[in-house]
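S.K.: Once you've had a glance at the structure underneath, I'll fire off some questions.
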Amino acid sequence: LRGNTDGLHSRLLFYRSEGTTEWMDTVPGQKGNTLEDRYKAIGQRMKALHETYRDVDIEVTFKDDHWVQRNKLGTQWLVSFRELGPNALGIPKRAANNLMKLAVSLPLARNCESIPAGSKVTWQCTDEDFATARKVVEASLACSREIFVELTKSVMTPSEKRNLDLLSLLGPSFKTAEAVTAGQSIGLPVITTKRMLKKLLSEERLVKER
């Protein structure tokens, strides 16, 4: 997925939720909110947020630990996507940025009804805000990974498919012996698995820990 395809894909957020098991009447003319009514209500809420924040000077700060967590998470996500090749690396990088953007938006949404016009306020992102943002971004990142793999399967070479099959059986950190065992479980000879690991290391898609 060269070019801007990866860039556009990595800017998506995916949400999953439990579906309702209750059937709703869809006969035209029946009482109830239409989609138009619902979208109009959403638009009105967004307009109200814009009006609230238009003339307010707001600063949202993070704790030092939030920045430390962000760096650790960014590193972990980058390592986990490295096995998918260079075209996937934009996804975890932007996820780390989206983490902070989402964490900033939570205190804004929470306090939008209590801000006097023209005021200047400073809020700190709470641990709960950060944890909520992390949960949403990690769920979205998992969906992005699934979709990226599906989209690239058709253009993968046989060797790339073997790499993916092998690495999908391993965690973010593993020993050579564990990789050999995983390779054998999918029919790869020991020498083939070791050759694959050597090549992935040379391409910097794996990092050898000293």
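The values are calculated or read from the model by the stated rules, or taken from the named source; none is laboratory data. Here the structure is a predicted model, which is why all the values come from computation and not from measurement. Note that each Cβ is placed from the backbone with ideal geometry, even for glycine, and that neighbours are counted across all protein chains shown. Side chains included, ligands, DNA and RNA excluded: accessible areas come from the protein's heavy atoms. Shrake-Rupley method; radii C 1.70, N 1.55, O 1.52, S 1.80 Å.
S.K.: Which one, (1) 16.8; (2) 20.9; (3) 17.6, gives Kirkwood radius over Cα pairs in Å as derived from the coordinates shown?
M.R.: It is the value labelled (2).
S.K.: Given T52, A95, L166, which one lies farthest toward the positive end of the charge dipole of the chain, if we put +1 on the Cβ of every Lys and Arg and -1 on the Cβ of every Asp and Glu?
M.R.: L166
S.K.: Same structure, new question: Between Q76 and T181, what is the FRET efficiency for a Förster distance of 25 Å, r being their Cβ-Cβ separation, to the nearest 0.05?
M.R.: It comes out at approximately 0.60.
S.K.: Can you give me the long-range amide H partners of Q124? Hydrogens built in the peptide plane at 1.01 Å from N, cutoff under 5 Å, separation of 5 or more residues or another chain.
M.R.: Those lying under 5 Å, H to H, from Q124 are T61.
S.K.: With +1 assigned to the C-beta of every Lys and Arg and -1 to the C-beta of every Asp and Glu, and no other charges, what is the dipole magnitude of the chain about the Cα centre in debye, to the nearest 20?
M.R.: In total the dipole reaches around 960 debye.
S.K.: Using a simple spin-label model with points 7 Å from Cα along the Cα→Cβ vector, what separation in nm is obtained for N111 and D57?
M.R.: It is 1.5 nm.
S.K.: Another question about this same structure. Can you work out the accessible area per residue across the stretch 82-162, with the rest of the protein chains kept in place, probe 1.4 Å, in square angstrom?
M.R.: 54 Å²
S.K.: So, one more: Quick one: how many lysine pairs does the stretch 46-186 have with C-alpha atoms less than 28 Å apart and a gap of 8 or more or different chains? Give me the count, please.
M.R.: Eligible lysine pairs with Cα atoms under 28 Å apart amount to 23.
S.K.: Which net charge results for the neighbourhood of Q44, defined as the other residues with beta-carbon distances under 13 angstrom from its beta-carbon, given Lys and Arg at +1 and Asp and Glu at -1?
M.R.: Its environment carries a net charge of +1.
S.K.: Which one, S119, T61, G43, projects farthest toward the positive side of the charge dipole computed for the chain from Cβ point charges (K/R +1, D/E -1)?
M.R.: About the Cα centre, the residue reaching furthest to the positive side is T61.
S.K.: Calculated from DSSP H runs of 4 or more alone, at -39500 (n - 2.57) each and per residue, what is the 222 nm mean residue ellipticity of the chain, nearest 500?
M.R.: -19500 deg cm²/dmol
S.K.: Given 25 °C and 0.890 mPa s, compute D for the stretch 108-210 with the Stokes-Einstein relation, Rh being the Kirkwood radius over Cα pairs; round to the nearest whole µm²/s.
M.R.: 139 µm²/s
S.K.: Here's another thing I want to ask about it. Roughly to the nearest percent, how much of the accessible area of the chain is carbon and sulfur, given a 1.4 Å probe?
M.R.: In the chain, the share of accessible area belonging to carbon and sulfur is 54 percent.
S.K.: With a 10 Å cut-off between alpha carbons and a GNM built on the chain, which of D37, D64, D25 moves the most?
M.R.: Ranking D37, D64, D25 by mean-square fluctuation puts D25 first.
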